[in-house]
Amino acid sequence: MNMTTIMNRKSLLFTCLFALLAVTSVQAQQDMTKYITNPSFESGTNGWTVSDFGLQTNDSFTMKAGGTYMEKWVSSVSIAGNGSVRQTLEDLPMGVYRLTVGAQNLSQSSTSRQCTGAYIFAGSEQTTVYTPDDYSVEFTCVAGSVEIGYVAQNAQGNWLAIDNFRLYKIGDVDKATALGFVQQLIDAAEALSVPEEIASTYNHAEAFTNALAAAKALTEASEDTDISNAAKALRSATADEKVLLEKALFAYRIANPTGTAGVAPRVTKTDHYVLTGAHEALMRATMTGSSVLEQGVCWSTSHEPTVLDERTTKKFTLNGNIFHVKGLTPSTVYYLRPYILNSFYEVAYGDEVKIVTHPKGTCSGSWNEGAPDAAANERCRTAIQQTIDYFNEWTGIMGFHLSGHYGANTPTADCSYGGWMRIGPNAGNQAIGTVLHETGHGVGVGTHARYADENLHSGTWLGREANRVYQFLENQQGNSNYTVVGDRQHAWGTNASFDWLVNGADKDKHQELQYIGGMCILYGMFIDGLDPTSSDYRVTQHNGISGYAYNFDEMKKYYLMNKNAESGLGTGVAFQRTSMIVAWKENFLDEAISDSAAWYLEYDAKNCYYLFRNAATGRYLTHATGIQTKSTTKPTSTEWFQLMPDRTDVTIGKGATAKKTHGYWLTWTDSNGFKAMNARPLVGTLGYSPLTAVEFDFTNKATSQQWIIISEDELAEYRAAAGVTAIRDVQVADRDQPAAVYDLQGRRVSKPSRGVYIVGGRKVLIK
């Protein structure tokens with residue numbers, strides 16, 4: 001049996017299920033709009049799955065109801081193309097329904113032309129949308145669930161718009177007619193078979209048996225409720241069967257591509273910097289190829305995910321594609337890969353990128369219901385709840401409460417540090433964009449000393465992480481012309497596509513990407529040290545937010561070099577000398593660096609702190625009493641270190657092998673306040689200097705508290721760079737002065753060749 005026959009029979013099975021609609025008894029129209037979540041988009045995109053549409057608040061769309069509608073607009077010389085707005089209604093009583101929607105697929109260059117390519121739908125029924133009007137579609141629901149929405153498929157208009165979904169029950173399903181279709185469904189299910197070539201990947205027996213059992217139960221149902229319940233069971237069982245079959249067919253096609261034509265699929269660039277939330281992530285990649293069927297991101301909790309794991313094609317378009325991953329679990333390690341698939345089922349992957357999702361925040365919000373009318377109270381209450389949802393997803397803030405109050409004399413809105421907010425009478429400010437912006441002040445933007453202390457200098461944000469976020473959003477990674485800038489109250493970005501932090505209701509584009517991007521910039525500021533709240537449950541005081549600031553490989557070794565020129569920069573790394581002493585020494589140019597100076601990194605995804613385990617002893621770096629190591633199988637808070645990126649770069653060495661890099665504060669908070677790991681210059685004749693715990697210094701000059709993390713893969717590059725620096729003690733001419741040069745065994749060398757030697761009490765590398 002060929003694939004086409006299999007899919008046709010499968011289609012018949014589902015067509016029968018959703019076609020139980022023929023004869024109905026007419027009844028008075030009953031408003032059932034309550035089954036639609038957020039039917040007029042007054043709560044933003046809440047309840048809807050949206051692709052390539054955005055929220056709009058102007059009055060240009062004549063079918064608009066309320067303050068907000070959904071649109072996709074391109075210039076009048078272009079076509080809108082593809083997009084969709086969808087929602088699945090659940091627990092809908094069995095019956096015949098009419099869905100009515102205000103919609104358009106309009107060409108502004110010829111407003112009377114009936115443009116093709118857009119429709120409203122409910123289940124398998126649809127109605128084409130043209131010029132602005134109310135459009136209706138009738139459908140029958142037996143199984144309690146139906147998807148509704150608006151779809152554009154190569155829409156020929158340039159302005160698509162939709163609003164004001166309304167749902168009415170207009171009749172009951174005739175039982176006898178329904179049961180007649182059920183028998184057809186059973187016949188179709190029993191005729192279904194699977195071709196031998198995919199049988200090994202298609203374990204359909206259980207789902208198939210459940211589908212038939214549910215279908216037969218439907219034939220025996222006597223009451224409408226029984227019919228509806230049996231139909232729900234049948235829908236669930238056949239959905240399981242459909243997923244299994246489709247996955248098996250997909251796996252077979254991927255394993256057996258049919259050939260290619262034109263440009264083979266290829267991921268040309270993978271951005272290894274990924275923005276993460278608690279359940280979501282944003283990833284950039286660039287791809288090429290012809291006959292493209294899909295472009296997206298696949299992911300798994302195991303290495304090397306494929307398109308047979310979880311995948312998404314959802315994306316935002318802003319200076320390239322930003323793929324939007326959803327459905328992740330908080331505080332979990334994932335591996336992501338971008339992919340491209342053509343119509344011949346050839347698939348190509350980009351680089352694998354490890355991410356760690358945030359813990360979900362515990363922010364909360366309230367509204368005092370003080371506005372003069374119900375509509376204003378609803379707008380403010382909804383905007384606060386939406387804001388809290390974004391903060392909990394993307395910032396990981398714990399313990400913050402936003403307390404909303406009506407301000408009759410407040411021109412726009414305002415908020416103080418800690419979350420006390422006023423929203424004024426202007427409806428345009430009773431919206432998520434304004435509330436998101438003002439909540440930024442509530443978590444420290446322009447209201448906390450850390451904001452304009454060291455991070456903001458001469459109008460430019462110097463904190464490393466917030467700028468990395470901003471450059472990712474604008475697709476300008478590493479471009480110093482794209483930075484977060486601001487005054488002592490507000491922040492924005494140079495050359496920005498959006499006002500990401502929504503500095504004014506007129507800057508609110510009512511687009512999901514703008515809101516997510518603003519949250520991620522705030523999160524970057526917290527990683528850089530801005531304190532969002534003093535109510536974080538994890539610590540009594542705190543120092544910004546601890547997060548996944550350094551991406552590492554659990555299987556590889558890492559080395560810690562201090563950024564201070566007198567405390568090991570280019571000459572030495574930290575090592576475990578004894579169980580009681582962790583120190584640094586000038587070991588960087590040794591022929592081999594001992595594992596006592598190597599560390600395995602771990603990350604506590606629930607608390608967002610790093611741990612350092614010595615490669616030689618297995619003991620953990622601890623700050624319980626000074627800086628030591630500890631033997632434990634269950635590290636506690638005394639082994640946790642927050643990695644806070646520093647703000648200034650440093651270059652090791654000169655010339656072709658020079659290495660530009662930066663460091664991190666290894667900091668923590670205890671009952672004595674903010675602390676950091678520190679390295680002092682070498683003392684006396686010991687040959688090493690113990691590391692110490694000192695008061696945390698947030699200034700750029702505190703280089704002795706800043707640590708460069710070097711992976712085992714990078715070690716050779718850093719050693720080569722450091723060797724160039726060390727040559728300053730031995731010029732080429734010095735090879736004729738043997739008295740000053742000794743080998744590593746202390747023997748005098750008359751004419752040194754290339755290698756490591758002791759000159760004037762220091763180890764140097766001669767090239």
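The values are calculated or read from the model by the stated rules, or taken from the named source; none is laboratory data. A quick note: this is a predicted structure, and the numbers were derived from the prediction, not measured. Every residue, glycine among them, receives a Cβ derived from its backbone with ideal geometry; neighbour counts consider all protein chains shown. These accessible areas exclude ligands, DNA and RNA; they are computed on the full protein's heavy atoms, side chains included. Shrake-Rupley method; radii C 1.70, N 1.55, O 1.52, S 1.80 Å.
Could you check, for the stretch 497-517, whether at least one of its residues is without any contact (Cβ under 8 Å) to a residue 60 or more places away in the chain, open to solvent by 50 Å² or more (accessible area, probe 1.4 Å) and not charged (D, E, K, R)?
no
Say we look at the stretch 165-185 and pick out the residues that are open to solvent by 40 Å² or more (accessible area, probe 1.4 Å) and modelled with pLDDT of 90 or more; which of these is farthest from Y119 (Cα to Cα)?
Step by step, filter the stretch 165-185, then rank; the result is Y168.
Which of the residues belonging to the stretch 448-461 are over 17 Å from Y523 (Cβ atoms) and either touching a Pro at 6+ places or on another chain (Cβ under 7 Å) or in a loop (DSSP other than H, G, I, E, B) (or both)?
A449, A452, D453, E454, S458, G459
Just to be sure, is T657 closer than 21 Å to G463 by Cα, open to solvent by 30 Å² or more (accessible area, probe 1.4 Å), at pLDDT below 95 and not hydrophobic (A, V, I, L, M, F, W, C)?
no
Restricting to the stretch 410-422, name every residue that is in a loop (DSSP other than H, G, I, E, B), within 17 Å of Q489 (Cα to Cα) and open to solvent by 10 Å² or more (accessible area, probe 1.4 Å).
Hits for the stretch 410-422 are T412, S416, Y417, G418.
What are the residues in the stretch 123-150 that are at pLDDT 95 or above, of a type in the set (A, V, I, L, M) and under 35 Å from the mean Cα position of the chain (by Cα), if any?
Of everything in the stretch 123-150, those that are at pLDDT 95 or above, of a type in the set (A, V, I, L, M) and under 35 Å from the mean Cα position of the chain (by Cα) turn out to be V129, I148.
Does I527 satisfy being open to solvent by less than 10 Å² (accessible area, probe 1.4 Å), under 23 Å from G673 (Cα atoms) and hydrophobic (A, V, I, L, M, F, W, C)?
It is true that I527 is open to solvent by less than 10 Å² (accessible area, probe 1.4 Å), under 23 Å from G673 (Cα atoms) and hydrophobic (A, V, I, L, M, F, W, C).
Does the stretch 593-601 contain any residue that is within 35 Å of the chain's Cα centre (by Cα) and aromatic (F, W, Y)?
Yes, the conditions are met somewhere in the stretch 593-601.
I want to confirm something. Restricting to the stretch 579-603 and keeping residues that are at pLDDT below 95 and closer than 18 Å to E639 by Cβ, which single residue is most open to solvent (accessible area, probe 1.4 Å)?
Among those residues, the one meeting the criterion is M580.
Which of (1) at pLDDT 95 or above; (2) closer than 30 Å to S534 by Cα is the odd one out, the single condition V650 does not satisfy?
It fails just one condition, (2).
Looking only at the stretch 394-409, count every residue that is out of contact with any Ser or Thr (no Cβ under 8 Å at 6 or more places or on another chain), under 18 Å from G433 (Cα atoms) and open to solvent by 20 Å² or more (accessible area, probe 1.4 Å) and tell me the total.
The number of residues fulfilling the criteria is 2.
Given the options D743, D713, name the one that is surrounded by fewer than 16 Cβ atoms within 10 Å (Cβ to Cβ) and either modelled with pLDDT of 75 or more or touching a helix residue (DSSP H, G or I) at 6+ places or on another chain (Cβ under 8 Å) (or both).
Exactly one of D743, D713 is surrounded by fewer than 16 Cβ atoms within 10 Å (Cβ to Cβ) and either modelled with pLDDT of 75 or more or touching a helix residue (DSSP H, G or I) at 6+ places or on another chain (Cβ under 8 Å) (or both), namely D713.
Within the set of pairs 6 or more residues apart or between chains, which connect a residue that is closer than 12 Å to N551 by Cα inside the stretch 345-361 to a residue that is open to solvent by less than 10 Å² (accessible area, probe 1.4 Å) with Cβ atoms less than 7 Å apart?
Matching pairs, first to second residue: V353/L336; I355/A281; I355/L336.
Need at least 2 residues that are at pLDDT 95 or above and out of contact with any strand residue (DSSP E or B) (no Cβ under 7 Å at 6 or more places or on another chain) per element, so show me which strands (runs of 3 or more DSSP E) inside the stretch 299-395 make the cut, counting only ones lying wholly within it.
Here the list is empty.
Hey, among the residues in the stretch 439-494 that are polar (S, T, N, Q) and within 19 Å of F391 (Cβ to Cβ), which one's least open to solvent (accessible area, probe 1.4 Å)?
If we take residues in the stretch 439-494 being polar (S, T, N, Q) and within 19 Å of F391 (Cβ to Cβ), then T439 is least open to solvent (accessible area, probe 1.4 Å).
Answer with yes or no whether W492 is more than 20 Å from S546 (Cα to Cα) and in a loop (DSSP other than H, G, I, E, B).
no
Kindly indicate the residue of the stretch 56-102 that is acidic (D, E) and either within 16 Å of L167 (Cα to Cα) or assigned to a loop (DSSP other than H, G, I, E, B) (or both) and also most open to solvent (accessible area, probe 1.4 Å) among those meeting that condition.
Applying the filter and picking the extreme gives D59.
Take the residues of the stretch 549-565 that are touching a Leu at 6+ places or on another chain (Cβ under 8 Å) and assigned to a loop (DSSP other than H, G, I, E, B): which is nearest to N614 (Cα to Cα)?
The extreme case among them is E554.
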